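The next block holds one structure in the form of structure tokens; read it before the comments.
No lab work stands behind these numbers, since they all come straight from the coordinates. Just so you know, these numbers come straight off a predicted model, no measurement behind them. Every residue, glycine among them, receives a Cβ derived from its backbone with ideal geometry; neighbour counts consider all protein chains shown.
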């Protein structure tokens, strides 16, 4: 049974919860203790710790999630009705591969049960294990990473927190349809890496672009299945990370907004936060990021791909060589653009698919400009 990999929540946390009021999160979450394991039939969101950071060569201490749990359980919930469980921790295996296997099995099982796992690392190479969890679901994966660098590795380099993306792209079975980076800082990435992102038709948004207009990230999250956050993408003055000092990055408000967008997305089915330094300071921000994700989760509207097209207004924009078809939801005013299914070509997507987009992209099309994300998705589909 895959849940045998999980170690119950520490007694120190159970004692701490006894001192909380009945209104705080700690009193409302179902816990995995020595006596009982939560009944997953009623659970919608599950918190899972992974005590593995061998992939982070700069790490200074073992993973300790006690400060995070204390901080998180001390918060008050919003107007929430989804049941949340804390399933405890996956211990580091004898090898990193053992840990990946355990994470993959636990996460795959939760996603199959329609439970959203929130995974707290450890090092960011655990994103590879989250990605592999989708193998059993037999679907293409869209991965979004909030990170200040792309995490490409050198050839034959072992997987680490700074090289896991290469393994995701190269390894069979290749289920990655799209990768999008949000918040990269140019001076941390070589020009070859930036060019490679373009060549693979992936998306990347610089820190300044997103900070100036955080709403440009919303369509990206609406199309994502898996979100991985590297806490080094947040500047140290806001995260409390003074071990690996980061003068630039997202501020606390921005990272929480991004997390809320991810929660609102109907497609996001797993979420991970990695590369923290186990400090009490950082655990405050981690707890708030997760709070905002759960807050967003409660605003899911179950639109595309779940609803019918009857609830959408259809806009057809004729261009010189193409006809672009847009849909606008009359429920939330959000926009999508259609990626056509091309017969006689090997399509990765097996039918006409809607790609989330923004109103600005519709206006671009009206001015006879092809939206870049649509063009990239079209190219990826037939390659």
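Restricting attention to the chain, close to 30% of DSSP beta bridges with both partner residues there are antiparallel.
Among rounded, prolate and oblate, which fits the stretch 207-312 when a ≥ b ≥ c are the square roots of the eigenvalues of its C-alpha gyration tensor, a/c under 1.5 means rounded, and a/b larger than b/c means prolate? In terms of gyration-tensor shape, prolate. Taken over the C-alpha atoms, the stretch 1-67 has Rg and Dmax values of 14.3, 41 angstrom. With a Förster radius of 51 Å, plug the Cβ-Cβ distance of residue 27 and residue 199 into 1/(1 + (r/R0)^6) and report the FRET value to the nearest 0.05. It comes out at approximately 0.50. Relative contact order for the chain: 15 percent, from Cα pairs under 8 Å spaced at least 6 residues apart, divided by residue count. Rounded if a/c is under 1.5, else prolate if a/b beats b/c, else oblate: with a ≥ b ≥ c from the C-alpha gyration tensor eigenvalues square-rooted, which is the stretch 59-104? Note, shape of the stretch 59-104 comes out oblate. Each of 226, 313 was scored by other Cβ atoms within 10 Å of its Cβ. Listed from fewest to most, they are 313, 226. Just so you know, the averaged projected area of the alpha carbon convex hull for the chain sits at 19.5 nm². Quick check for you: which residues of the stretch 78-103 have the amide N under 16 Å from the point 7 Å beyond the Cα of residue 3 toward its beta carbon? Output list for this probe position: 83-90, 103. For the chain, the longest principal axis of the alpha carbon atoms and the long axis of helix 252-264 meet at an angle near 70°. Rg ratio for the stretch 18-128: its Cα radius of gyration over 2.2 N^0.38 Å, N being its residue count, equals 1.12.
When 76, 341 are sorted by how many other C-beta atoms sit within 10 angstrom of their C-beta, beginning with the fewest, the order is 76, 341.
Helix 372-382 and the longest principal axis of the Cα set of the chain meet at an angle near 90°. Taking the longest Cα principal axis of the chain as reference, the axis of helix 280-297 is set at about 50 degrees. By other beta-carbon atoms within 10 Å, ranking 373, 42 with the fewest at the front produces 42, 373.
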